[in-house]
């Protein structure tokens with residue numbers, strides 16, 4: 001069996017080495033993969049920057065399994081795979097915690113920068129899937145009010161959450177976008193925030209996008225900011241990636257290279273989920289587990305000695321993930337390394353769960369644990 005995998009999939013060799021000989025487990029550069037490289041592959045494992053379609057697979061008559069180690073699937077031609085009876089699997093929810101913690105880190109930084117009381121803010125979550133749900137759980141732990149807009153899930157009789165309209169979500173103090181890129185249909189998300197909707201936002205609001213770049217009309221956002229609008233903007237995703245609308249960067253509070261979901265745990269869960277799917281496809285019992293591969297965090301244990309408040313939250317979040325690091329790398333290195341290389345060479349980042357927090361008094365709040373830090 002010949003397996004091709006994106007070089008940015010952590011632990012791919014650990015998970016998939018049991019399926020084939022070492023020389024048949026081959027990494028590739030995601031945006032540069034060609035039909036010639038794939039021509040004799042049995043299994044293809046990609047990330048979001050590789051478009052899997054007829055053009056890529058036209059010379060391959062033996063491939064039986066395609067997987068993407070990502071939540072989104074807009075880079076996959078599912079109709080073509082189904083037509084050829086090629087099994088397909090994605091990794092829904094694999095990096096949802098990572099993206100939610102990116103948003104939390106961004107809010108902590110902006111609260112410190114502008115002297116905001118986090119528990120006085122309201123957050124409009126646009127998209128109530130895995131990522132939006134994980135974010136809502138963390139906001140609940142922090143006592144931050146939120147509203148969720150998701151017209152598709154609102155129609156699901158098994159989803160009992162209270163949903164709001166897009167306009168109501170866009171009226172919140174913070175707007176956090178977590179929708180896939182959808183070009184057509186009843187609920188398209190392409191340029192969901194177009195010139196009209198952007199112009200309705202106020203100078204006191206915060207706009208965070210960590211889903212797909214095309215959800216915001218970047219040119220319209222740039223025009224708004226160039227007019228002196230005070231909207232505070234956090235962008236992890238950009239229209240036209242890997243190209244970036246460079247003038248827009250200077251108008252952002254935080255700017256990063258589509259790495260919100262790039263925690264070690266988030267990326268590795270995607271690999272593990274595809275491993276489990278391929279095991280099922282091949283009727284093989286899974287033997288490798290991610291928990292056995294992840295290293296111990298450099299700071300893995302903490303003791304909390306005082307009551308939890310926003311100052312303690314600031315310290316805890318920054319200790320694990322200070323988004324300003326990625327913002328600085330992006331601003332200083334984008335023109336030197338390029339967008340894809342920033343992602344490829346992304347420094348290791350852990351999730352809150354990698355750190356064990358011990359409460360030295362039973363009277364202390366368990367907010368850190370509800371936020372995602374591990375218990376002793």
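Across the chain, C-alpha contacts under 8 Å between residues 6 or more apart give a mean separation that, scaled by the residue count, equals a relative contact order of 15 percent.
Between the alpha-carbon centers of region 93-119 and region 138-163, tell me the distance in whole angstrom. Result: 18 Å between the Cα centres. Look at the alpha carbon pairs under 8 Å that are at least 6 residues apart: their mean separation over the length of region 249-376 gives a relative contact order of 36 percent. Look at the Cα gyration tensor of region 198-357: its axes a ≥ b ≥ c give a/c of at least 1.5 with a/b at or below b/c, and that counts as oblate.
DSSP bridge analysis restricted to the chain gives an antiparallel fraction near 0%, rounded to the nearest 5. Once you order the gyration tensor axes a ≥ b ≥ c over the Cα atoms, which shape class does region 262-376 get: rounded for a/c under 1.5, otherwise prolate or oblate by comparing a/b with b/c? Cα axes put region 262-376 in the oblate bin. With the cut-off at 1.5 for a/c, could you classify region 96-255 from its C-alpha gyration tensor as rounded, prolate or oblate? Cα axes put region 96-255 in the oblate bin.
Using just the helices of the chain, give the 222 nm mean residue ellipticity in deg cm²/dmol: DSSP H runs with n ≥ 4 each add -39,500 (n - 2.57), and the total is spread over all residues, rounded to 500.
-9500 deg cm²/dmol
Taking every C-alpha pair closer than 8 Å and separated by at least 6 residues, the mean separation divided by the residue count of region 1-72 gives a relative contact order of 34 percent. Helix 310-320 and the long axis of the chain differ in direction by around 20°, with both axes built from C-alpha atoms. Cα centroids of region 280-301 and region 340-376: how far apart, whole angstrom? Cα centroid to Cα centroid, the span is 18 Å. Compute the helix-to-body angle for 130-141: its Cα long axis versus the longest principal axis of the chain, expressed 0 to 90° and rounded to tens. Relative to the chain, helix 130-141 is tipped by roughly 30 degrees.
In degrees from 0 to 90, rounded to the nearest 10, what is the angle of the helix 264-282 Cα long axis to the longest principal axis of the chain? So the inclination is approximately 30 degrees. Under 17 Å from a label point set 7 Å out along the Cα-to-Cβ vector of residue 332, the amide N atoms of region 254-279 belong to 254-257.
Working from label points 7 Å from Cα in the Cα-to-Cβ sense, the residue 140 to residue 324 distance is 3.2 nm.
Any read-out appearing in this document is the output of simple, stated calculations on the displayed coordinates, not a laboratory observation. Because the structure is predicted, anything quoted here is derived from the model rather than measured. Virtual Cβ from ideal backbone geometry, glycine too; neighbours counted across all protein chains shown.
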